[in-house]
1. When the chain is modelled as a GNM with alpha-carbon springs shorter than 10 Å, which of Pro201, Pro78, Pro176 fluctuates the most?
2. Spelling out what I want: for every residue of the range 83-96, take phi, set θ = phi - 60°, compute 6.51 cos²θ - 1.76 cosθ + 1.60 (Karplus), and round to whole Hz; glycine and proline get x.
3. For the range 45-173, what does the alpha-carbon gyration tensor say about shape, rounded, prolate or oblate, given a ≥ b ≥ c as the root eigenvalues, a/c under 1.5 as rounded, and a/b over b/c as prolate?
4. In a GNM of the chain with a 10 Å cut-off on Cα contacts, which of Tyr22, Tyr129, Tyr120 has the highest mean-square fluctuation?
5. Using only alpha-carbon positions, what ratio does the radius of gyration of the chain give when scaled by 2.2 N^0.38 Å?
6. Only Lys, Arg, Asp and Glu count, each charged at its Cβ (+1, +1, -1, -1), so figure out the dipole size of the range 25-178 about its Cα centre, rounded to 20 debye.
7. Taking the chain as a Gaussian network, Cα atoms linked when under 10 Å apart, which of Ile187, Ile125, Ile17 shows the biggest mean-square fluctuation?
8. Let's test the formula: R0 of 35 Å, r as the Cβ-Cβ distance of Ser135 and Ala109. What FRET efficiency results, to the nearest 0.05?
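The values are calculated or read from the model by the stated rules, or taken from the named source; none is laboratory data. Predicted model, so just to flag it, every value in this text is computed and none were measured. Here the Cβ is made from the backbone with ideal geometry for all residues, glycine too, and neighbour counts use every protein chain on show. Protein only, heavy atoms only, side chains kept; ligands, DNA and RNA dropped before computing areas. Shrake-Rupley method; radii C 1.70, N 1.55, O 1.52, S 1.80 Å.
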Amino acid sequence: MSTLSIKSSIKANNSLILSSRYQELTKQLEDFRVSSPPLSKGSEITLELMLVHLNAPLDDIQLFAGIEGQEEARSAYPALREWIKTSAARQSLWHAGQVLRAAEGLPKALLCNFNAIAVYHAGLILWGYGFLKRSMASSSTPTDNSQSIVVLNGNDSLSARKFITLNRGVPSIRNPRSQINTQLSDISGVMDGLVHLLQAPHDITDGSCPPLVGNLVQLLEGLRSATR
């Protein structure tokens, strides 16, 4: 949805239809959240991931990460540069953080398969936003470090709302191991937290880590290495 909206706004076609569809889908998901019994952590992950995909052009971010080479990465940059300025980008960050929050509460045996992929998708969003913002800040005005910290995988919805609607606050992730807040501009620190989250439920020393989880960890470590 986010990718289509970006392309539609560039071409000035069907933007009203897409905007209406976006509002409808978002409302349905939020209505489901408030009308349902307390959701399991797995259901929370599914719900939050759908909201991530509604607000973030994940395919473009994967291209920007170099999945199909440098030329495709360069072609994805202009649209993403505009996307990170929008409230939809900040909305996707919040939902990505909530994916991580739900994943932290999962029974250890369930942090695999779809749930592990959801963590990886959330990580891609956090990486893309953090890297692009850091790159743009280095060539423009410095970041205002006096702003309050917004913990994306926390439960402070008021600070999140201020961040999403007014762009107030510095988006950060609480490291599940150290409980220290890491700003998204610290890409290495954010990736460390995600890698720990995926590895913690599995004993990586005796080879019991599921192959899919191991592959996702390698991808996250690759993102960390590429942006040092």
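1. Pro78
2. Result, ordered by residue: 4, 5, 7, 9, 5, 4, 4, 5, 5, 5, 4, 4, 5, 4 Hz.
3. oblate
4. Between Tyr22, Tyr129, Tyr120, it is Tyr22 that shows the largest mean-square fluctuation.
5. 1.00
6. Charge dipole of the range 25-178: 540 debye, to the nearest 20.
7. Ile17
8. So the FRET efficiency works out to roughly 0.35.
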